[in-house]
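Chemist: Starting off with a structure, shown below.
The values are calculated or read from the model by the stated rules, or taken from the named source; none is laboratory data. Just so you know, these numbers come straight off a predicted model, no measurement behind them. Neighbour counts run over all protein chains shown; Cβ positions are idealised from the backbone, glycine included. Note: accessible area is taken over every heavy atom of the protein model, side chains too, but ligands, DNA and RNA are not part of it. Shrake-Rupley method; radii C 1.70, N 1.55, O 1.52, S 1.80 Å.
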Amino acid sequence: MKKLELLCVGSIKERYFTDGIAEYVKRLGRYCDVTVTEIPDCRDDGKAAAEESRAILAKMNGFTVLADLRGKALTSEEFAGLIDGAYLRSPKVQFIIGGSRGVTDEVRKAADAVVSFGRMTYPHRLMRLIAAEQLYRAFTITEGSAYHK
């Protein structure tokens, strides 16, 4: 079975986010084995992005997709194609969401793909929910489900 990991900096305490993410993780389970891995936030001392990025780099494996403002903006269909194609290269896709201070260029260079969900900035907690929904949408597009109209 395909494996999908959401590798995210920070934890989420707000129930309205955790409930939404849990729903999409449950739905994704129909298409792949899903895990969510959290990397702890670092204290904002001017070095947090570098420390969090080192932790991300240490955990990167499989086909890695980074969500980043500097990434390529894709339609949902293009994103579905990217994810579907990734499974031709690796049995595991890892979707990475950095912390509120972003990631270093090292992480961007190490990722197999860097995608943007628009030019706006989202809280990383909300981005996790958006990413879970878009990953679910990608699988339904690939499978021809009626979810994506």
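Chemist: Considering only residues that are open to solvent by less than 40 Å² (accessible area, probe 1.4 Å), part of a loop (DSSP other than H, G, I, E, B) and modelled with pLDDT of 95 or more, which ones fall in the stretch 30-59?
Modeler: Tyr31, Cys32
Chemist: State all residues of the stretch 95-149 that are β-branched (Val, Ile, Thr), in contact (Cβ under 8 Å) with a residue 24 or more places away in the chain and closer than 17 Å to Glu5 by Cα; if no residue qualifies, say none.
Modeler: Within the stretch 95-149, Ile96, Ile97, Val107, Val114, Val115 meet the criteria.
Chemist: So in the stretch 92-125, with the set limited to residues that are small (Gly, Ala, Ser) and surrounded by fewer than 18 Cβ atoms within 10 Å (Cβ to Cβ), which one is nearest to Asp19 (Cα to Cα)?
Modeler: The selected residue is Ser100.
Chemist: In the stretch 74-84, is there at least one residue being farther than 16 Å from Leu6 by Cα and open to solvent by 70 Å² or more (accessible area, probe 1.4 Å)?
Modeler: yes
Chemist: Further question: Regarding the stretch 23-44, can at least one residue be identified that is more than 16 Å from Ile97 (Cβ to Cβ) and of a type in the set (A, V, I, L, M)?
Modeler: Looking through the stretch 23-44, none of the residues is more than 16 Å from Ile97 (Cβ to Cβ) and of a type in the set (A, V, I, L, M).
Chemist: Would you mind stating whether Leu88 is aliphatic (A, V, I, L, M), loosely packed, with under 15 Cβ neighbours inside 10 Å, modelled with pLDDT under 95 and farther than 25 Å from Glu23 by Cβ?
Modeler: no
Chemist: Could I ask something else about it? Going by the conditions given, is Ile12 in a loop (DSSP other than H, G, I, E, B), surrounded by 13 or more Cβ atoms within 10 Å (Cβ to Cβ) and of a type in the set (A, V, I, L, M, F, W, C)?
Modeler: yes
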